[in-house]
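Scroll down for the structure; my scribbles are underneath it.
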């Protein structure tokens, strides 16, 4: 039987450094969150958007899409809480996680993560690496990491490296200028401007 995949789009928190919600920032009239949805939709059975409460009403629910906020127990505790909440909201064998502040991401990255995962006999996470910098917010995670996430959050361990250090991971390197550009985070208005330079 074909394994089930779900997408988890992390639509961000209050975007203090950016000044306005990054999820709603646009490129050519398309909000960042919508760019992420369009990228993942052909690859998954369902997508969960994890959004700050203030953004929830700005994101249109549609078939194959659920919009949630963080699990109340871990609300506002960062990306790990977002991934855990997304996994809680929709049951699948594997999850493709994408932070919406990477609007230059290419679908081929996720297609490669899925293809590489098929090569392994174990249920490891597949995590990109760009020039020796891991990219855990653009990754494939098996459902088996959910209890690990829960235990980390319960123990107030919120760093993404805490997760990667506790689960089996395979890393795929993207070192060319073109591919490294896909992983560019837009954290400030200056980052947004540089994206077009």
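Remarks
- Distance between the range 127-150 and the range 35-92 - C-alpha centres, whole angstrom: 16
- Tensor-based shape of the range 6-51 (alpha-carbon gyration tensor, a/c under 1.5 rounded, otherwise prolate or oblate): oblate
- DSSP assigns beta bridges within the range 5-194; of those with both partners inside it, close to 35 percent run antiparallel.
- Share of Cα-Cα pairs in the chain lying beyond 21 Å, as whole percent: 49
- The helix-only estimate of mean residue ellipticity at 222 nm for the chain, built from DSSP H runs of length n ≥ 4 each weighted as -39500 (n - 2.57), is -8000 deg cm²/dmol after division by the residue total.
Throughout, read-outs are computed from the coordinates displayed, never taken from laboratory work. These figures come from a predicted structure and were not determined experimentally.
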